[in-house]
Number of protein chains: 2
Amino acid sequence: MRFYKVVTLTSALLVLTSLALHADEGMWTFDRPPLQAIQQRYGFTVTQPWLDHLRLSSVRFPDGSGSFVSPTGLVLTNHHVALEQLQKISTPQKNYVADGFYARTRAEEVKAADAELDVLMSSEDVTSRVAAAAAKAPNAQDALEARKAEVARIEKECVDTMKLRCDVVPLYQGAQYWLYRYKKYTDVRLVFAPEQQMAFFGGDPDNFTYPRHDLDFAIFRVYENDQPVHTDNYLKWNAKGAADQEPVFVTGHPGSTDRNDTVAELETERDVIYPISLKVVGRRLGVLRKYASLGAEQARQAAGLIFSLENAQKAYTGEYNGLTDPKIMQKKSADEKALRDRIAKKPEWQKEYGAAWPTIQRTQEVRRRLYKSERFEQLRGSSLAPLGLIFVQYAQEIGKPDADRLDGFHDAQLPTLKFQLLSPAPFYRPLEQVLLADSLQESLEELGPNDPFIKASLAGKSPTDAAAALVGGTKLDELAVRKELLDGGPAAINASNDPLIVLGRAIDPTVRALKKTLDRDVTSVASAAREKVGRARFAVYGTSVYPDATFTLRLSYGKVNGYPMNGTKAPYQTTFFGLYDRSAGFDNKPPFQLTPRFADKHSQVEMSTPLDFVSTNDIIGGNSGSPVVNRAGELVGLIFDGNIESLVGRFVYDEEKNRAVAVHAGAIVHALRTVYDAAPLADELDPR
Amino acid sequence: MRFYKVVTLTSALLVLTSLALHADEGMWTFDRPPLQAIQQRYGFTVTQPWLDHLRLSSVRFPDGSGSFVSPTGLVLTNHHVALEQLQKISTPQKNYVADGFYARTRAEEVKAADAELDVLMSSEDVTSRVAAAAAKAPNAQDALEARKAEVARIEKECVDTMKLRCDVVPLYQGAQYWLYRYKKYTDVRLVFAPEQQMAFFGGDPDNFTYPRHDLDFAIFRVYENDQPVHTDNYLKWNAKGAADQEPVFVTGHPGSTDRNDTVAELETERDVIYPISLKVVGRRLGVLRKYASLGAEQARQAAGLIFSLENAQKAYTGEYNGLTDPKIMQKKSADEKALRDRIAKKPEWQKEYGAAWPTIQRTQEVRRRLYKSERFEQLRGSSLAPLGLIFVQYAQEIGKPDADRLDGFHDAQLPTLKFQLLSPAPFYRPLEQVLLADSLQESLEELGPNDPFIKASLAGKSPTDAAAALVGGTKLDELAVRKELLDGGPAAINASNDPLIVLGRAIDPTVRALKKTLDRDVTSVASAAREKVGRARFAVYGTSVYPDATFTLRLSYGKVNGYPMNGTKAPYQTTFFGLYDRSAGFDNKPPFQLTPRFADKHSQVEMSTPLDFVSTNDIIGGNSGSPVVNRAGELVGLIFDGNIESLVGRFVYDEEKNRAVAVHAGAIVHALRTVYDAAPLADELDPR
């Protein structure tokens, strides 16, 4: 795949932890590493320095993971994590995505448009502060507001004193809150990318599957003060990789999982959210493919979105199949019944936690009713169109006390917001217009003409005409205009007549009203009940559990291991032999064609070099670009996907068949040396 | 796999034809080829000379298929079809199975122990004769007897006049009877076999799966009068093979299918027959693996049986999964209901056919009750032990008028029976003893100590002791002894005190009594009803249908085509690249190891040479060794397996995923030339 942080389908409700731990299951926080399980299963003693080194070598990308792999600031991630940046620096004349890139000198390295890289420096349990703030509240909604306010205060204090990126993260469905402090890098330069065809060989068919033959890697160099970052916290390259059955560890930022959702919540996902999501994604892909068919330049512009929506479509389909699999839902029901039975046996537990499940059930009824509004009272698809509303809300929010602001506008969040708004990455108006028109049309069809959002956004026009006027008239696609508005602050924004800002003003009341209703009737009530379920689980199963994924740094352990597949066994690794076989098996036709470079240099490739491999590590979208390390803390691989059987991993982990798919460390340097004529870079990664 | 004629699980009841034809479905008799479908789907006009040439080039092996591939008598089949013969000529000193074989001169060719090859010379509809004979019968059982007697008469007349092998075959569940006349070859000599490891690379895990990397072929030469057969009826070799999407045709001998079984019959299979079969196979495999673990020679002796039982286990499992798949059974029920509804609408149809389904339902109730006796009142597992009963029945039967004899002892069948009884192939007493002991133990457990078969076969001993006495005391493992008994006829046999003959006398009454009951209460009634269902299907759906498989020559059409697999696409072909990749993916460990020859000569192999490929042709066990030919009638491949998705093909054909797996014609000659140092043989097959 693209083991992106797939945008989660569930709302931003808080999350908790798993019942019983099986096997190599778990995405563990660094403050509570599974020392005992690793010792028992693999006879390996994890030490604090080992953990610290791993943590400080690990990097978060805006939608994935990565790691430092040299003392000279080189960072390894997936090509598909780098893709957004590759697209942003590409032009009709120079296509970094299709052609790949190699900077032979530091001077040739190309600065990414707007990549922010985060390294987790420290974390701290702030549950008691957040809980204390909420304890005084008279009702669920006030408690939610109080928690949000306290979170904003904690983040602001941290930013002010530490000069770091500071995020308060709810863990275990809100049974805990942690402050995560990150060192932030924003000068990130491209050193190497293979052609996308080799990174993503096999395309959408092979995505989320195995055996696999992808060189899904890219290399950046991180700078500070215009100098490469020098650090001891990098992973030493091990081109030999890991042997079959060898224990391996993955650090990275899994985006979200729903393993601790109640059955009522899973049923909402199954019956309402996934069917709508699949419909939306299918529709949007149709629009994008039609646009891409207009010409080579249009195809280039749309490629990234198509890529990411195909990825989402395949992921959602696999997850949806999990939800509609009676065996999985029966297991979920049985697990939930077992927990509730245990709670019911102790009167004090029953009093404290017993009502949580029926409460969540009730919130789901509301959520189902409101879901179409939640989903379609938004500007979607286009990335340009929502900027108006962001400016409008920014102008309103920054005047308020930090604690009272909408999420996304707290002081601690402003640097990241501004970094994104001031990105020099280009917008393509014809593409934005097509996407906005389709999104408005879709909202009209789903909500009807009398919906307040529809009235406000269409203002009597047809979706096509409205989109033409909005995208045709806006200047928000110009960086200078956005900078002027930010610099001018609320006054400048309030004075603007840019059509997208006008639109933002028109829809803002509807958007806020819906959010308020959802907060009052769903989020606040459900989050309190989910927190209770989380605490109930602690009460019954103790503390040796891991929280659902939250796009924060996690450690997963496992071993290199094949698995039973489609009547036979999947091998633990593939080799370059397999790449050439699969290409020949499809007559070298897309998406299985070799690039000219790989076809031409095939006699220089040592075919038996391992290419990709699988391990039992428990990962999910967001882990893309994660390093795979051995017991010595050396880099042996680069996570880039999960197999098709891992897609139900959003809900349950199955050690028999759930596999993480990685590029072999040896494949990367072998390809650099033999195919890409990039021996100096290979030597920098893997000195010999 | 081994696309053997897997011993059918259903009894020898007669069979009929499919409802509605989908796509590339069908195993067609040569007298009713699907000319129109081939024309429509592939724009190819099948001519009678094209069909005749294919038919006369096609060969039947005792448990598979093959074809003439040179004017000098060379016959191509699968290694796994040749395996039984390879085992029979192997000794502790020379292992043809493990080491492979190449006869550099005709003098070096090795005569197979007891291979009979049949070529279909002609066929004739004899339905009216069989029907007329049965029409006079007052009841179902007499009708069954009358049909059998008429069949025996027709076969005998044919043998006496034509000097051919003559079989009367029921088609369309007995709605038709055809006389098939075969030319028979019994002097068959081994020319080439690869090492079993390369023929069966990937072993049991890869069996019945794809992508695949097997060189599952062997080459014999057929002799008559000690001279190679010279014939124009052979398939010209086409080393280029078939392109993706190219139409291809398969001729061969599919063993049996149950596509036209009624739902009541399928339920018996699902609830009774398959569960017992899987239990039996699992048990027997355990015994064989234990025996094989005793030493290298024991392993060699047991290898063939283990191979064939693992194959059966995997096939049965896939078929059973089909029967327990609600979607498949729902489709079967819906199809049956549609047919019965159509019948019910016409009073004369309802009168003629309407009672057939409830009748079959009733016979199934009896069959379920008698199934344990049917299954366990037999000597199974051992191939030596049943010889005693065969001699005993032979002595009784040949004294009767031909028409009154048990199946297997008709005049027309005697040459084949004697050829088998006089095979020089060795028996291994310790293995036979272990298998017989287990089979007796199993029958004891299933039937209880008071069952007449148990009493007769154990005669008061324990199964272990009984087996030791029987195998220890018999001389039937000696060819000279068997020859003496045959030559001596009934008098000699009746005078014999060989323990297996004594056992045969003891169990014969029980075996005959059960057969009589089954004939009276199940076979005769069900076969009459099944024939009605068959005729009902003709009435409703017309005559453009094919009969269920009967191990007679069939034609299947289709095209080379990959398919959706495990989240991605399976390629239409694999290459030698893939073979080396799969080996390296498992660190060259069994069953994925390369033989020394393949490892050593790897630099001489042109890796991009196609190795195996898949097509939509509708095949099943018995098609092993079938040629794949193109429109020009040239040999482009060699069927050796079906994919895992094809196992439900016993009941339904699914064009989307059901695939036949073949060795590419080019792979065979490339391997002969580059790896096996057998260029002269390659040139004989593929002159250039």
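At-a-glance table
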| item | result |
| --- | --- |
| Inter-copy separations for B:Pro449, label at 7 Å along Cα-Cβ, nm, ascending | 9.0 |
| Solvent-accessible heavy-atom area per residue, rounded to whole Å², over the protein assembly as shown at 1.4 Å | 36 |
| Sequence of B:Leu215, B:Leu294 from largest to smallest accessible area, 1.4 Å probe | B:Leu294, B:Leu215 |
| B:Ser277, A:Ser462, ranked by accessible area, largest first (probe 1.4 Å) | A:Ser462, B:Ser277 |
| A:Asp187 long-range amide H proximity, modeled H, under 5 Å | A:Tyr223 |
| Shielded by partner chains, the stretch B:546-585 residues - at least 40 Å² of accessible area, 1.4 Å probe, vs chain alone | B:Asn566, B:Gly567, B:Thr568, B:Lys569, B:Pro571, B:Tyr572, B:Phe577, B:Asp581, B:Arg582, B:Ala584, B:Gly585 |
| Within the protein assembly as shown: Cβ-based charge dipole about Cα centre, in debye rounded to nearest 20 (Lys, Arg +1; Asp, Glu -1) | 1880 |
| Computed accessible area, B:Asp683, all protein chains, 1.4 angstrom probe, square angstrom | 70 |
| Cα lying deepest toward the dipole's positive end in chain B, options B:Phe576, B:Pro610, B:Thr363, charges on Cβ | B:Thr363 |
| Inter-copy label distances at B:Gly43 (7 Å, Cα→Cβ; nm, one decimal) | 6.6 |
| Protein-only accessible surface order, largest first, of B:Lys337, B:Lys400, A:Lys163 at 1.4 Å | A:Lys163, B:Lys337, B:Lys400 |
| Apportionment of accessible area to carbon and sulfur, the stretch B:179-261, percent (1.4 Å) | 40 |
| Distance in nm between pseudo-label sites at A:Asn588 and B:Lys94 (7 Å out along the Cβ direction from Cα) | 4.6 |
| MRE, 222 nm, helices only [DSSP H, n ≥ 4, -39500 (n - 2.57), over chain A, to nearest 500] | -14500 deg cm²/dmol |
| From phi via Karplus (6.51, -1.76, 1.60), per-residue ³J(HN,Hα) for the stretch A:74-79 in Hz, x at Gly/Pro | 5, 10, 9, 8, 7, 4 |
| Paired Rg and Dmax values of chain A, which use every Cα atom, in angstrom | 24.6, 74 |
| Of B:Lys327/B:Lys372; A:Lys455/A:Lys515; A:Lys657/B:Lys589; A:Lys136/A:Lys332; A:Lys111/A:Lys483; A:Lys327/B:Lys327, those spanning more than 24 Å from alpha-carbon to alpha-carbon | B:Lys327/B:Lys372; A:Lys136/A:Lys332 |
| Dipole moment magnitude, nearest 20 debye, the stretch A:94-202 about Cα centre, only Lys, Arg, Asp, Glu C-beta charged | 200 |
| Residues of the stretch B:197-218 buried by at least 10 Å² on assembly (accessible area, 1.4 Å probe, chain alone as reference) | B:Pro205, B:Thr209 |
| Backbone HN-Hα couplings from phi across the stretch A:207-220 [Karplus 6.51/-1.76/1.60, Hz, Gly and Pro as x] | 4, 6, 9, 7, x, 9, 9, 10, 9, 7, 9, 8, 10, 10 |
| Total accessible surface hidden between A and B, rounded to 100 Å², 1.4 Å probe | 2400 |
| Convex hull volume of the protein assembly as shown per residue (C-alpha atoms, cubic angstrom) | 204 |
| For the stretch B:120-141 and the stretch A:350-402, distance of Cα centres in Å | 77 |
| A:Asp52-A:Ala113 pseudo-label distance in nm [points 7 Å out on the Cα-to-Cβ vector] | 4.0 |
| A:Arg284 accessible area, assembled protein chains, probe 1.4 Å, Å² | 10 |
| A:Lys111 long-range amide H proximity, modeled H, under 5 Å | A:Leu190 |
| Karplus-derived HN-Hα couplings along the stretch A:458-469 (A = 6.51, B = -1.76, C = 1.60, θ = phi - 60°), whole Hz, x at Gly and Pro | 8, 6, x, 7, 7, x, 5, 5, 4, 5, 4, 5 |
| For A:His80, solvent-accessible area (1.4 Å; no DNA, RNA or ligand), Å² | 0 |
| Nearest-first distances (nm) between copies at A:Thr186, label 7 Å from Cα via Cβ | 9.2 |
| Cut-off under 5 Å, modelled amide H: who pairs with B:Val628 long-range | B:Val636, B:Gly637, B:Leu638, B:Ile639 |
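The values are calculated or read from the model by the stated rules, or taken from the named source; none is laboratory data. For clarity, every value in this text was computed on a predicted model and none was experimentally measured. Neighbour counts are summed over all protein chains in view; Cβ atoms, including those assigned to glycine, are modelled from backbone coordinates with ideal geometry. Remember, those area values only see protein heavy atoms, side chains included, never the ligands or the DNA or RNA. Shrake-Rupley method; radii C 1.70, N 1.55, O 1.52, S 1.80 Å.
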